[in-house]
There are 6 protein chains.
Amino acid sequence: MRLGDRGVAEARPITLTRGFTKFAAGSVLVAMGDTRVICTVSVEDRAPPFLRGAGHGWVTAEYAMLPGATPTRTMREAARGRLGGRTMEIQRFIGRSLRSVVDLHCLGERTLWVDCDVIQADGGTRTAAITGAFVAMVDALQRLRTEPRTVLPLTDYLAAVSVGMVGDRALLDLDYQEDSRARVDMNVVMTGRGQLVEVQGTGEGAPFSPAEMEKLLELAREGMAGLFAAQRAVLGELAEEVGLHVPDARRSPVGGHQEPG
Amino acid sequence: MRLGDRGVAEARPITLTRGFTKFAAGSVLVAMGDTRVICTVSVEDRAPPFLRGAGHGWVTAEYAMLPGATPTRTMREAARGRLGGRTMEIQRFIGRSLRSVVDLHCLGERTLWVDCDVIQADGGTRTAAITGAFVAMVDALQRLRTEPRTVLPLTDYLAAVSVGMVGDRALLDLDYQEDSRARVDMNVVMTGRGQLVEVQGTGEGAPFSPAEMEKLLELAREGMAGLFAAQRAVLGELAEEVGLHVPDARRSPVGGHQEPG
Amino acid sequence: MRLGDRGVAEARPITLTRGFTKFAAGSVLVAMGDTRVICTVSVEDRAPPFLRGAGHGWVTAEYAMLPGATPTRTMREAARGRLGGRTMEIQRFIGRSLRSVVDLHCLGERTLWVDCDVIQADGGTRTAAITGAFVAMVDALQRLRTEPRTVLPLTDYLAAVSVGMVGDRALLDLDYQEDSRARVDMNVVMTGRGQLVEVQGTGEGAPFSPAEMEKLLELAREGMAGLFAAQRAVLGELAEEVGLHVPDARRSPVGGHQEPG
Amino acid sequence: MRLGDRGVAEARPITLTRGFTKFAAGSVLVAMGDTRVICTVSVEDRAPPFLRGAGHGWVTAEYAMLPGATPTRTMREAARGRLGGRTMEIQRFIGRSLRSVVDLHCLGERTLWVDCDVIQADGGTRTAAITGAFVAMVDALQRLRTEPRTVLPLTDYLAAVSVGMVGDRALLDLDYQEDSRARVDMNVVMTGRGQLVEVQGTGEGAPFSPAEMEKLLELAREGMAGLFAAQRAVLGELAEEVGLHVPDARRSPVGGHQEPG
Amino acid sequence: MRLGDRGVAEARPITLTRGFTKFAAGSVLVAMGDTRVICTVSVEDRAPPFLRGAGHGWVTAEYAMLPGATPTRTMREAARGRLGGRTMEIQRFIGRSLRSVVDLHCLGERTLWVDCDVIQADGGTRTAAITGAFVAMVDALQRLRTEPRTVLPLTDYLAAVSVGMVGDRALLDLDYQEDSRARVDMNVVMTGRGQLVEVQGTGEGAPFSPAEMEKLLELAREGMAGLFAAQRAVLGELAEEVGLHVPDARRSPVGGHQEPG
Amino acid sequence: MRLGDRGVAEARPITLTRGFTKFAAGSVLVAMGDTRVICTVSVEDRAPPFLRGAGHGWVTAEYAMLPGATPTRTMREAARGRLGGRTMEIQRFIGRSLRSVVDLHCLGERTLWVDCDVIQADGGTRTAAITGAFVAMVDALQRLRTEPRTVLPLTDYLAAVSVGMVGDRALLDLDYQEDSRARVDMNVVMTGRGQLVEVQGTGEGAPFSPAEMEKLLELAREGMAGLFAAQRAVLGELAEEVGLHVPDARRSPVGGHQEPG
């Protein structure tokens, strides 16, 4: 039995609090069960050094866990003097995901800094961060609009969820206890139109079959509906504005090896 | 005129939310006007290396500003790879202050990790952090009590406030705009019985007179009452338990040069 | 047309040179087209600190690019003073993959250090590293056998390949030029018995459809045959020894959150 | 009894050796009892990056303890790879203090680098550093004068002393042994005209009363006379030049939050 | 007896493989007995920051040991987060040596990056690196020639060898075992015309006599012939081009204190 | 003409001030012309980690330049966060040199920390440091003697000097200006009995002939006499005690590759 009588294909309750803090351009507290992440988006009016003069912008994400977010205190990476591999991996994952639905040419020479700080960790922090940060990004981009009739440079909605095999059962949205026992762990990022953005599946301790892979992907796909509904609900009037933007046919500049380490 | 028609000796409204997060032993969200700090206390069952075998414990504080806490994004110190001088100064200040009301012998070979993470910064973050962290510390110590009738190893209440001279006026609890214009800036930490723990006064750009110093100290002293009242109110039944503890007459081990860098 | 008239489902020629260097317990030079990686495996007779006393071992991987491996010199991370995010991500990916086919209980309190140093980079360095490091690991484990009749603690073969969508074509084993133009980029790690170990798919610049995902996975699966054949060929007499080992039914200790950053 | 029959309000003998080294613009060896600090001032002909184009200069201080300055060797911070919190706190304290008597507009786009290196540590190193560095700063500013009749951009003399409560006695200028036993420890920085620049009082292990605070401040004030006399004596002809400068009524640019971390 | 019946004045067999890797401007695998070093040279079209605008170029060397190059794994310096003293010393030694035969004025505002990565370590890695890197440098400079009739900016050949006293015997080209037992250890760098570039002699554990010094220098001088012959042989047609260049009589800019830390 | 009418074979005046600071076990200020270095020796009652249990001790040296020691301020390496290559090279050179005359077995499981801090830099700082540190080491070892009749564990005197070719002239003890113009720069460390400990000769910008090498070595040898005389003079009664010690015939443990980075 899952905690709180959850079904295998049932996500934990999600809440998205817009405007959670006051000074960032976008700020959302996302709660997915007991996982809580503060997502803020700040706008810098220049592109990062590796893109100077390229005529388009960038979205960069940073991720951290507050020391008190876990039952045993997590050491602060600023105190260690360097970011751990897990943090690096997660913030690259979040950044890549968010960039996939932003039209960077249309954004212009700006940087969106997306900060995801976990204040309570109960599994699925990176996927919750993406789902929450997307909403904060809408708010930050909305603030940039000088004329009300321009379109937000977002090609689609974006949300993420974890799935995994615990024993023989495929479960949606694993909490920490489930994640600790999972044989296979997969993070899936999708757009509102049902396209894939990132799929990262790992056999923890043992390989998995292509059939299991397929089953998990299907489960994730079904679970997305609730996340997009929550995003739309909290965006209210703005909900209809997302995804209207059609990027120019020119090749997007994000591909290839230019992405910095 | 101060923002919101505040009087010169009037602090901003304070709210203390106990149990703000779920996994830390103590967790408080403190809001003082638009300044918001998450204070968590985690308990480690051993003393820090420099105290091993000394038979008593330690209280150590860490402080950070979330990047989105300020209108212009603050760079993450973990990304820089080192703590800045301001952060170091503040977390040493918070740690020293909190240790002054904890009986470290009575605490035993344990470390209290106090984490203060500013999620919204509008002046007075370090003093708000102390006022909030004190309450989180009470909760963490309460959890350590195995027998209900033992006394909390806290000798007194503790709170902090900033004061400053803006032009010729002595102001209590400066917000960011006032702080930017202040000639003299002072942080005062006091105990519930009216004793001083830390006084740090700085003439920003110009020296100040001993008379101004006295005036500011007096203003801080008066402003403390509201802070202690807020702490008592939120602690409810526990409020009476603080300060009952009388430490042994032996000299406290905290003095001297043993304190690590 | 692909370089050298390669078909879309054709991998570049692979060569595995066993015993490439002399002092490491296992040492393989893997060449996949113009990509060249030196993979060495060193054995340390103790487990890493986070596993001390747990009764089993660990496999840890490190990855680096020699500065002269690319047409434009790549700065040395030792000179920068820290590992970049890309390096961290890759070495975690390699380590997780290799651990999935090693029986860590059977390995005992030892650490296998797998070092993958790219001396020539033309795309697919991380997947080539896995394919080559597997063979070096076999050699290192073979050296540990004190009695000839014991079984190597490897549950199966392991190899990896990249696949991607360039325009509308699904291509196997992308070289650098193809990788730069790919819309979707996927790294797949599989076992000799056709099970999945890691699947990491990324839509660079644009999302992809579940159908494309499926097509790429299938392409990777087909491409694996040649890699396993190359491993078997170079292992000669040892080829039959891999995968004979059947791990105890007890749960593997690698899962869960214990894995360090 | 204090060492050497010192009275409670008696400072240790102070000597200031001007021109202690040859290549820095200003160089003073300050001895206060057994505490010895080499203070040098170097002039850089540009403002620090955060002030470029602001039209005024800066004074920045660095502090270090030579490893052999203490009976037990102090580890070198360059070998650790980072500055400790105590060092950061002290050098910020010294820098703020010295800036308070320099007219930074009048200094122009220059940086005064003040280096305080403790070669023998017996308590009160940061206050001795300020008293000595002030004299070195006079020498460095004197060298900058191209015309003899211009005024030094110093608004006043500056000196510093420590005071503390050891048991019930308020003591001036604590040596290391006294400092180790002090209940209350206070550093006071004052100008020649008797204004306060910095007051930092700390209850080590136990809080202190406002009356004690007042007593200590008074003691510091009285003790300053001897320090200013020593500075005047060693400056000889230059002594009269300090403090003639009257800064423009415009607000000094040093206040506010611009001060870097 | 020396390993492999080597005579005291006999170097190990040397092989130089030109074009060992494909993307660097120059790339040589040097083998001296069991010591193997990959030397690559990359060309950057600007001078390092400390030389900007000086009108001439620079040669900078970096050295690293692959972790698997030694029987006991060597920890990666990128993982430690800093270069060790031995590495620093060696790469400065290699860089100084190579610069001595390059005409930096003639090179123009370019940087030659020389990377020496030891893949197998059996003593004499730094001297083998110099001998091999010289050949890689010839190839890189040859590539820079736009007109076939210009002269390579190399004033002479350059090679290096170690010598040492093991007991009472002076030995040429020590392997690791000999080096471990050596009383005196000396590295000698010479030009094709028999001039000295670097001489570094160290009495490990005990001093040595001037007569021993002389004997070792003589032994090194004799041993150089074979190294230059190997360089000439592998350079083929290019062999005659080295050393034709006569630098302008103006003072070389490499001397003095400008060399960065 | 050399500054101050020095002859080519004439060293600058040397003064050695014993007991320059009070708390270190040995403390010497060495002045060689305008070069001034504070050398202190501290004793730690345990061997460094890499020698634990080996039954003998170690001598380790650290070197730094105070920022104000040079006309243009030298940036503090603690502020940079890492030691530069030049510092590393110098402190390894000093450490190796001093170890060559200490009987580490006889020293026992102790570490001598030798700190050389340059307070005024005018060329030859590393050689002055060795000459001064030797005297400080005698004082520190003298303090360790519990019984007056035991012998100091020093096998000989030790001093160092620089020599160089400026134009065609071989000069002894180069000052900064001479060093900047030198074609060849050599540092020589010798024992009181005339044995060599370290010889490091570098052709800055141009190679040098074996004959020049010989000439410089001879010049250094002659210049040593004055340095040993100065050491003997300042050691007074202790002068006769140095070098009486005859180490056991067992091989010294310092050789080989065990020396840490």
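The values are calculated or read from the model by the stated rules, or taken from the named source; none is laboratory data. Being a predicted model, the structure only gives us computed values, none of them experimental. Using ideal geometry, Cβ is built from the backbone for each residue, glycine included, and neighbour counts are taken over all protein chains shown. Accessible surface is based on the protein model in full, side chains and every heavy atom, while ligands, DNA and RNA are left aside. Shrake-Rupley method; radii C 1.70, N 1.55, O 1.52, S 1.80 Å.
One table, with the values for the structure above:
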| item | result |
| --- | --- |
| Count of region F:221-237 residues which are over 21 Å from F:Ala128 (Cα atoms) and touching a residue at least 40 places away in the same chain (Cβ under 8 Å) | 0 |
| In region F:177-202, residue most open to solvent (accessible area, probe 1.4 Å) [restricted to those that are closer than 23 Å to E:Met190 by Cβ and not hydrophobic (A, V, I, L, M, F, W, C)] | F:Arg183 |
| Failed item, numbered, when F:Ala69 is tested on (1) at the interface with another protein chain (Cβ under 7 Å from one of its Cβ atoms); (2) among the hydrophobic types (A, V, I, L, M, F, W, C); (3) open to solvent by 20 Å² or more (accessible area, probe 1.4 Å) | (3) |
| Scope region B:184-205; condition within 22 Å of D:Ala160 (Cα to Cα) and more than 7 Å from every other protein chain (Cβ to nearest Cβ); matching residues | B:Val184, B:Asp185, B:Met186, B:Asn187, B:Val188 |
| So B:Gly256, is it on the phi > 0 side of the Ramachandran plot and either of a type in the set (Ser, Thr, Tyr) or at pLDDT 95 or above (or both) | no |
| Pair list, Cβ < 8 Å and 6+ apart or interchain, from region F:147-176 residues that are closer than 20 Å to F:Thr35 by Cα and open to solvent by 10 Å² or more (accessible area, probe 1.4 Å) to residues that are polar (S, T, N, Q) and assigned to a strand (DSSP E or B) | F:Asp175/F:Thr35 |
| Given (1) within 12 Å of chain F (Cβ to nearest Cβ); (2) touching a Pro at 6+ places or on another chain (Cβ under 7 Å); (3) not small (Gly, Ala, Ser), index of the condition D:His56 fails | (1) |
| Condition check for F:Glu44: acidic (Asp, Glu) and touching a helix residue (DSSP H, G or I) at 6+ places or on another chain (Cβ under 6 Å) | no |
| Region C:7-16 - residue that is surrounded by fewer than 20 Cβ atoms within 10 Å (Cβ to Cβ) and either touching a residue at least 60 places away in the same chain (Cβ under 8 Å) or within 11 Å of C:Ala133 (Cβ to Cβ) (or both) and, of those, nearest to the other protein chains (Cβ to nearest Cβ) | C:Thr15 |
| Strands (runs of 3 or more DSSP E) enclosed by region E:145-238 - at least 1 residues per element that are among the hydrophobic types (A, V, I, L, M, F, W, C), over 30 Å from E:Asp103 (Cα atoms) and modelled with pLDDT of 95 or more | E:158-166, E:169-172, E:184-191 |
| F:Leu51, sole failed condition from (1) within 25 Å of F:Thr111 (Cα to Cα); (2) out of contact with any helix residue (DSSP H, G or I) (no Cβ under 7 Å at 6 or more places or on another chain); (3) at pLDDT 95 or above | (3) |
| In region D:44-61, the residues that are within 29 Å of D:Gly226 (Cα to Cα) and surrounded by fewer than 20 Cβ atoms within 10 Å (Cβ to Cβ) | D:Thr60 |
| Exclusive hit being under 26 Å from F:Gly164 (Cβ atoms), in contact with a Phe, Trp or Tyr (Cβ under 9 Å, 6 or more places away or on another chain) and more than 14 Å from chain D (Cβ to nearest Cβ), set F:Leu98, F:Leu51, F:Leu29, F:Leu107 | F:Leu98 |
| Inter-residue pairs, beta-carbon under 6 Å, first at the interface with chain E (Cβ under 7 Å from one of its Cβ atoms) and in region F:208-220, second open to solvent by 20 Å² or more (accessible area, probe 1.4 Å), 6+ apart | F:Ser209/E:Gln195 |
| Residue identified as out of contact with any Leu (no Cβ under 7 Å at 6 or more places or on another chain) and either open to solvent by less than 10 Å² (accessible area, probe 1.4 Å) or more than 14 Å from chain F (Cβ to nearest Cβ) (or both) among D:Ala24, D:Ala64 | D:Ala24 |
| Unique match (being of a type in the set (A, V, I, L, M, F, W, C) and under 26 Å from B:Ala24 (Cα atoms)) among A:Ala47, A:Ala54, A:Ala78 | A:Ala78 |
| Which numbered condition B:His56 misses (of (1) touching a strand residue (DSSP E or B) at 6+ places or on another chain (Cβ under 9 Å); (2) over 23 Å from B:Met190 (Cβ atoms)) | (1) |
| Residue list for region A:203-240, filter: open to solvent by less than 40 Å² (accessible area, probe 1.4 Å) and closer than 25 Å to A:Gly108 by Cα | A:Leu235, A:Leu238, A:Ala239 |
| Matching residues, region A:32-47, being within 13 Å of another protein chain (Cβ to nearest Cβ) and either modelled with pLDDT under 95 or closer than 26 Å to A:Leu104 by Cβ (or both) | A:Val37, A:Ile38, A:Cys39, A:Thr40, A:Val41, A:Ser42, A:Val43, A:Glu44, A:Asp45, A:Arg46 |
| Flag if A:Arg82 is out of contact with any Cys (no Cβ under 8 Å at 6 or more places or on another chain) and within 14 Å of chain B (Cβ to nearest Cβ) | yes |
| Qualifying residue in region E:134-142 (condition: open to solvent by 10 Å² or more (accessible area, probe 1.4 Å) and free of Cβ contacts under 8 Å to residues at least 24 places away in the same chain) | no |
